[in-house]
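Asks: Handing you this structure, nothing more for now.
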Amino acid sequence: MSLLKKMSFLLFASLLIVSCSSDDEGDTTPEAPTINNLDFSVDASGSGNIVSVLPTANGATAYSVDFGTDATDDVFETLGAEVSYTYPPFSASYDITVTASSAGAENVSKTTTVNVVVEPSDLEGRWVLFHDEASLIVGETMENIAAGQNWWYNKLSDLRTRDCVFDDVYEFKADRTFHNIVGELTWLEGGWAANDEMCGSPYAPFDGSAVATWSENTDEKTVTLNGMGAFLGIATIQNGKAIDDPTNAVESITYSGVTFSEDKNTMTLHISWGGGFWQFKFAREGSEGASIPTRDTDGDGVLDIDDTCPTEAGTQDDGCPVPEPPTEGATAPTAAQADVLSVFSDSYTGTAPAAWFQSWGIGTLEDDLVIGGNTVKEYSNLTFQAINLNGTVDITSYTTLHIDVYTQTENVFKFKMANFGADDVDEYPNVDDTESEIESATAQTAGEWIGHDIPLSSFTGLDSQTNIGQLQIILGENANIWVDNIYFY
């Protein structure tokens, strides 16, 4: 090999060694992490002022979202989940800034201007209870209420007897403040500031002095009142309970199922109180529903609101026809005393009911009527009325319920029984009570005694028949009614 070639080879080898040494012993520090492609979506809900932000970025592990107000509660930290903020209920522009971060990486921020557009709420304005029957309804479930299977609802006549609540105003102001305007008199619950339900001076904190605000979620159809003493419809009804003392008032109440009529002048909502549901119906102040109705259904010259018998033309001052009681008694029963559990009958020995009338029923108990030495019970303008037994009874050894009924008008006759449960107590709300209503298969004709024999097996809604404590007489349309011979056999 020539000297020149040997020198070239040695030089190449030296360069190769140096090159390998450089590769093996160079800087091995990892490249610093970076964050890029930061972006975020913005969505509005509710009345337009509930704004949600969902951030995304490559290389980020956490985010900070600043919703851009002067408040101190508008900055949220998230690992990537959507976060929401409720802006004041007014149209305005805000600069939302999202900052993405990761350990060892330089933070990256992005700002976007968002226009919050808040449409006027259908709630804004002054409301009163709708001036008609069934603006206040209580039932076991909302499904029952929708089907007309109610425990109680206000009658049209309550616009007179409870006028002090129908003139109460519920004001939703555009600045989101809320006011109860109850005046000098409002409806008092029995056992609170009064011994009985009545109109009287308002009691604190439900006297209109509450400093309150309101908010709504139109997607979920809810409205929330914040402020101790603020309420809609009935002050005693709170979420999940009915309070028994005004001092137990809560700071916040949410009502559900908020709906409006097409003209936005009628609002309906409900609330659960643990034992069932209340439904309230309101009318916008100044609308037709906020005025006393002037209809006269039976055309007898007495407005329905003042007519005790609004579907029967009458000549009496109360709008009712002159009562035409039966002139003869019902056919005397023939079953043996030993085979009968009597509730009411001169033909048998039995236990007289503890009460023939309940204030929540619709129908007035009149004096007993004696026909040929036999006593019958008389009700006027009855739609339904409850009979509380003197203690509970076990009817499992009987098969049939019998009751004799006389009405002035053709009608539909129904009968309900309530079982008071294992604790043998009529409870409110119902904890273990059950009830079942049956329509008699026998037509209730006018002007004659009709004997109804209803199989006890028909009352399928009862969990048992061992603790029967209440019976209810029910008509399809209100009417004068006389009853006799109530017994099980």
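No lab work stands behind these numbers, since they all come straight from the coordinates. The structure presented is a predicted model; accordingly, all values stated were derived computationally and were not measured. Reconstructed Cβ throughout: ideal geometry from the backbone, glycine too, with neighbour counts over all protein chains shown.
Asks: If you consider only alpha-carbon coordinates, what radius of gyration and Dmax does the range 224-326 have, in Å?
Replies: 19.5, 58
Asks: Under the Karplus relation 6.51 cos²θ - 1.76 cosθ + 1.60, θ = phi - 60°, what is the ordered set of whole-Hz ³J(HN,Hα) values for the range 164-175, x standing for Gly and Pro?
Replies: The phi angles translate into 6, 9, 6, 9, 5, 10, 10, 10, 9, 8, 4, 7 Hz.
Asks: Non-local amide H neighbours of GLY229 (under 5 Å, H modeled in plane, Pro and chain starts lacking H): which ones?
Replies: Counting only residues 5 or more places away or on other chains, the set is VAL250.
Asks: Still on this structure: Please find the FRET efficiency linking SER261 to LYS241, where r is the Cβ-Cβ separation and R0 is fixed at 41 Å, and quote it to the nearest 0.05.
Replies: 0.85
Asks: Let me ask something else. Just in the range 197-277: which trypsin sites (Lys or Arg not before Pro) are loop by DSSP and have at most 15 other Cβ atoms within 10 Å?
Replies: Answer by residue number: LYS221, LYS264.
Asks: Quote to one decimal, in nm, the extra length available between SER91 and TYR398 on full extension: 0.36 nm per residue of separation minus the C-alpha distance between them.
Replies: Contour length minus Cα-Cα distance gives 103.5 nm.
Asks: State the antiparallel share, in %, of DSSP beta bridges confined to the chain, rounding to the nearest 5.
Replies: Once the DSSP bridges in the chain are tallied, antiparallel ones form about 100 percent.
Asks: Calculate one ³J(HN,Hα) per residue across the range 265-271 by plugging θ = phi - 60° into the Karplus curve 6.51 cos²θ - 1.76 cosθ + 1.60, and present them in order as whole Hz with x for glycine and proline.
Replies: So the Karplus estimates, Gly and Pro as x, are 9, 10, 10, 10, 8, 8, 8 Hz.
Asks: Based on the Kirkwood radius over alpha-carbon pairs, what is the Stokes-Einstein translational diffusion coefficient of the range 384-489 at 10 °C with 1.306 mPa s viscosity, in µm²/s?
Replies: Calculated translational D: 112 µm²/s.
Asks: A further question follows. In the range 109-150, whose amide N lies under 18 Å from the spot 7 Å out along Cα-to-Cβ of ASP163? List them in ranges.
Replies: What the label zone holds, given the 18 Å backbone N cut-off, is 128-133.
Asks: Taking 0.36 nm per residue of separation and subtracting the Cα-Cα distance, what length does fully extending ALA355 through THR61 add?
Replies: Extending this stretch completely gives an extra 98.7 nm.
Asks: Can you check what the Kirkwood hydrodynamic radius comes to for the chain, Cα pairs only, in Å to one decimal?
Replies: About 28.4 Å, per the Kirkwood formula over Cα pairs.
Asks: Using the 2.2 N^0.38 Å rule of thumb for compact globular proteins, work out how the range 125-290 stacks up: its C-alpha Rg over that value, please.
Replies: 0.96
Asks: If you bin every alpha carbon distance in the range 36-116 into 10 Å steps from zero, what whole percent lands in each bin?
Replies: 19, 53, 23, 5, 0
Asks: Same structure, new question: List, in the order given, every pair from LYS155/LYS264; LYS281/LYS416; LYS155/LYS221 whose Cα-Cα distance in the structure shown is over 26 Å.
Replies: LYS281/LYS416; LYS155/LYS221
Asks: For GLY372, what charge total do you get from the other residues with a beta carbon under 11 Å from its beta carbon, if Lys and Arg give +1 and Asp and Glu give -1?
Replies: -2
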